Amino acid sequence: MKTALVIGGGPAGLMAAGELARAGLGVILAEQMPTVGRKFLMAGKSGLNLTRDEATDALIDHYGGAAPITGALRDFDATAVQDWARGLGQEIFTGSTGRVFPVAMKASPLLRAWLAELRQLGVNLRTRWRWTSWSSGGFSFDTPEGARMIAPDVCVLALGGASWARLGSDGVWSDLVARQGVATVPFAASNAGLGVDWSPAMARVFGVPVKGTAIRAGTVVHRGEFVISARGLEGGGIYGLSAAVRTGIPLTLDLMPDWSAARVAERIARPRAKDSLSNHLRKALRLDPARLALLQEFARPLPEGPHLATLIKALPLRHSGLRPLDEAISTVGGVGAGALDAALMLYAHPGVFVAGEMIDWDAPTGGYLITGSLATGRWAGRHAAAFALAKG
């Protein structure tokens, strides 16, 4: 029997293991943590967003420049993800924004059904196996039973990115693959919060959600809710700005995106009697405490006259950059496109394939990260199986 090794027990690794086993290979899946799917379970704590119900081309557009994984996404798109979840006995539904969730909302029922299927297929799960080296002789691990080396017919690496190290995605694998001549791209945060050094006055709105705003990054406008935290700004309305922040594009905040600048100016120009400027803005523009606090923070001191309306529509959002790597939901960087062929096999190491977030691709939250991991795991697993069986 041909043998396969999968290193990494996240969605990509589990998907690859299933495909390899279905093809008739003997499969060992090695995971360094005590259990598999830890980041997957954490992602499901606020509702497991599996994918976004949209056409394939629209889906792929969210992976800007995703040349290495485009084939995988076309082969396993949003419709396929939904069919896969149903095949594991999980009822799903599509929300008003097109996001797809299991009816149970949590990740644990899906993961249990998935692992039961893998066990039936004969996948041999090995936890607390930490990958330590890679040589012509095979792949070496530290295990609870001591050092082990495995020399499979094919291998799929699915080790994740470099965020959430406490859950196993620590990126330390990059040194191992680099020593084997594989070109890697430095890791950087994606889907991360913005760091802001607030004045003491902002403490009163820490934890307050900000609604009804828009953020402009160059020619792109992002709308979505976010939260003011002690460390800066966090939430879905911020995470999609990561690529712009990494490239140094200035950000401006529109506090009244549904009003024209002329309407804002007209309201501000109305008599304010004995009201302070802040109270006048609150009443005239119906600014809630969070938006008013942001205006006062980023436009301090508040100007009088027409310039104030301009700032309300395009308030410079000063920040100190993305929050640290390990706080990010995902990362970019890892194995670069130039190191992989269309099957996600390493040019430098025939028979070794790569899947999941350890490939240098970027996508927003909203189901795209899980979809990308599932799709690349399936693609790499199928091509790895074909490679092994073709060896005769």
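Overview of results
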{"read-out": "Separation in nanometres of the label points that stand 7 Å from Cα toward Cβ, at E327 and V220", "value": "2.2"}
{"read-out": "Proximal aspartates and glutamates to K274, defined as alpha-carbon separation beneath 17 angstrom and excluding residues fewer than eight positions away on the same chain", "value": "E304"}
{"read-out": "Proximal aspartates and glutamates relative to K2, as straight alpha-carbon distance under 18 Å, when same-chain residues fewer than 8 apart are discounted", "value": "E19, D153"}
{"read-out": "Inter-label distance for Q120 and T3, nm, one decimal - labels placed 7 Å from Cα along Cα-to-Cβ", "value": "2.7"}
{"read-out": "Residues T56 and S278, FRET efficiency given R0 of 41 Å [Cβ-Cβ distance, rounded to 0.05]", "value": "0.25"}
{"read-out": "Full-stretch length increase - R204, R270 - with 0.36 nm per residue and alpha-carbon distance subtracted", "value": "20.9 nm"}
{"read-out": "Neighbour-limited loop hits for GluC sites (Glu not before Pro), the stretch 218-279 (at most 15 other Cβ within 10 Å; DSSP other than H, G, I, E, B)", "value": "E225"}
{"read-out": "Loop-located trypsin sites (Lys or Arg not before Pro) in the stretch 297-387 whose Cβ has at most 16 other Cβ within 10 Å (DSSP)", "value": "R318"}
{"read-out": "Antiparallel bridges, percent of DSSP beta bridges restricted to the chain (to nearest 5)", "value": "70"}
{"read-out": "Where GluC sites (Glu not before Pro) fall in DSSP loop in the stretch 19-112, at most 15 other Cβ within 10 Å", "value": "E91"}
{"read-out": "Neighbour-count order for S330, S140, S260, S278, fewest beta carbons within 10 angstrom listed first", "value": "S260, S278, S140, S330"}
{"read-out": "D142-S96 FRET efficiency (beta carbon distance; Förster radius 51 Å; 0.05 resolution)", "value": "0.60"}
{"read-out": "Set of lysines with alpha-carbon distance to K211 below 20 Å, sequence-local pairs under 8 removed", "value": "K283, K313"}
{"read-out": "Where only C-alpha atoms are counted, convex hull volume of the stretch 242-392 per residue in Å³", "value": "145"}
{"read-out": "Contour minus Cα-Cα distance for A337 and A390 (0.36 nm per residue)", "value": "16.6 nm"}
{"read-out": "Cβ-based exposure ranking for S169, S46, in which fewest neighbours within 10 Å come first", "value": "S46, S169"}
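Read-outs throughout are calculated quantities, based only on the coordinates presented, and are distinct from any laboratory measurement. If you're wondering where the values come from, they're calculated on a predicted model, not measured in any experiment. Cβ: placed from backbone, ideal geometry, glycine included. Neighbour counts: every protein chain shown.
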